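Participant: Next up is a structure, given as structure tokens.
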Amino acid sequence: MAKIIKVDIENFSYGEETILQDIHFSVEKGEFIVITGLSGCGKTSLLRLLNGLIPNLYDGEITGEIHILGKSISNYKKGEIAKYVGNVFQNPNDQFFSKEVENEIALIGENMGMQRQLLHERVQNALQEIGITDLKTKNVRELSGGQKQKVAIASTLVFDSEIIFFDEPSANLDYKATNDLEKILKHLKEQGKTIVIAEHRLSYLSQLLDRLILLKDGKIKTIFYPII
């Protein structure tokens, strides 16, 4: 299968503080990868390197190379990678810019110049697929944590992102919302999406993951494969 992500990081640091060292792995198309470890182990920094938020939004010095879809991430123009990669943040409020749910989901397509009729169809399909059609006229800021996560996930479907990155997606969710998230992730996996999640709560992912990458002190301690 094709290597959709390839990571070869010798060193990553913020100023004089080393965050990651000797990080080497690849991800095949359609894989479901979970990156875990204690707080401060570097999993969020690794995710930000993979999705291009470092260095586009956050500072840092990297020695090494990351390839997304066969192309060095450093060779993507600013904003270009958003055509292929979707992101769901730990706190979805950090990625919302519109007041109304429907407009928020449409935003990525508008920014990328998607044809208006096609964009409308994609937004309606995403609302239906994630099960939030009834929320489309609601104020996104007034939704529950679980509903906000669904809006963020729906946004990744508008541009049919090949890869979706999740940063601690269950952190602010209750039991029911976490169960809903699990069902959506299962659906995305069945669609063949490549999913990479940084997460410390693992129980709801145990039946979904293909590999578990355990970080400790900024290094890969081990990689687990589920027992089938």
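The values are calculated or read from the model by the stated rules, or taken from the named source; none is laboratory data. Here the structure is a predicted model, which means the values were calculated and not measured. Cβ coordinates were reconstructed from backbone atoms using ideal geometry, including for glycine residues, and neighbour counts include every protein chain displayed.
Participant: Can you tell me which residues in region 131-146 are buried (at least 16 other Cβ atoms within 10 Å of the Cβ) and at pLDDT 95 or above?
Facilitator: ILE132, LEU135, LYS136, LYS138, VAL140, LEU143
Participant: Under 6 Å by Cβ, and 6 or more places apart or on different chains, what pairs join a residue from region 111-139 that is on the phi < 0 side of the Ramachandran plot with one that is acidic (Asp, Glu) and surrounded by 20 or more Cβ atoms within 10 Å (Cβ to Cβ)?
Facilitator: Note: pairs meeting the criteria are LYS136/GLU102.
Participant: Could you list all residues from region 148-162 that are of a type in the set (Gly, Ala, Ser) and either more than 27 Å from GLY70 (Cα to Cα) or touching a residue at least 60 places away in the same chain (Cβ under 8 Å) (or both)?
Facilitator: ALA152, SER155, SER161
Participant: Please determine, by comparing only the residues of region 19-74 that are surrounded by 14 or more Cβ atoms within 10 Å (Cβ to Cβ) and basic (Lys, Arg), which one is nearest to the chain's Cα centre (by Cα).
Facilitator: Looking at residues that are surrounded by 14 or more Cβ atoms within 10 Å (Cβ to Cβ) and basic (Lys, Arg), I get ARG48.
Participant: For region 163-211, enumerate the residues that are assigned to a loop (DSSP other than H, G, I, E, B) and free of Cβ contacts under 8 Å to residues at least 40 places away in the same chain.
Facilitator: Correct list: SER170, LEU173, ASP174, GLN191, ARG201, SER206, GLN207.
Participant: Okay, moving on. Please go through region 108-128 and give me each residue that is surrounded by 17 or more Cβ atoms within 10 Å (Cβ to Cβ) and either under 20 Å from ASN51 (Cβ atoms) or of a type outside the set (Lys, Arg) (or both), ordered by number.
Facilitator: ILE108, GLY109, MET114, LEU119, VAL123, ALA126, LEU127
Participant: Which residue out of GLY109, GLY113 is touching a Phe, Trp or Tyr at 6+ places or on another chain (Cβ under 8 Å), more than 25 Å from ILE213 (Cα to Cα) and of a type in the set (Gly, Ala, Ser)?
Facilitator: The unique qualifying residue is GLY109.
Participant: Within the bounds of region 154-161, is there any residue that is surrounded by 17 or more Cβ atoms within 10 Å (Cβ to Cβ), closer than 30 Å to PHE12 by Cβ and touching a His at 6+ places or on another chain (Cβ under 9 Å)?
Facilitator: No, region 154-161 contains no residue that is surrounded by 17 or more Cβ atoms within 10 Å (Cβ to Cβ), closer than 30 Å to PHE12 by Cβ and touching a His at 6+ places or on another chain (Cβ under 9 Å).
Participant: Moving on to the next point. With the requirement that a residue be crowded, with 17+ Cβ neighbours inside 10 Å and charged (D, E, K, R), what does region 183-210 give you?
Facilitator: Matches in region 183-210: LYS189, LYS193, GLU199.
Participant: Read through the list (1) touching a Ser or Thr at 6+ places or on another chain (Cβ under 9 Å); (2) under 26 Å from ASP174 (Cα atoms), then give the number of the only condition that LYS138 fails.
Facilitator: Failing condition for LYS138: (1).
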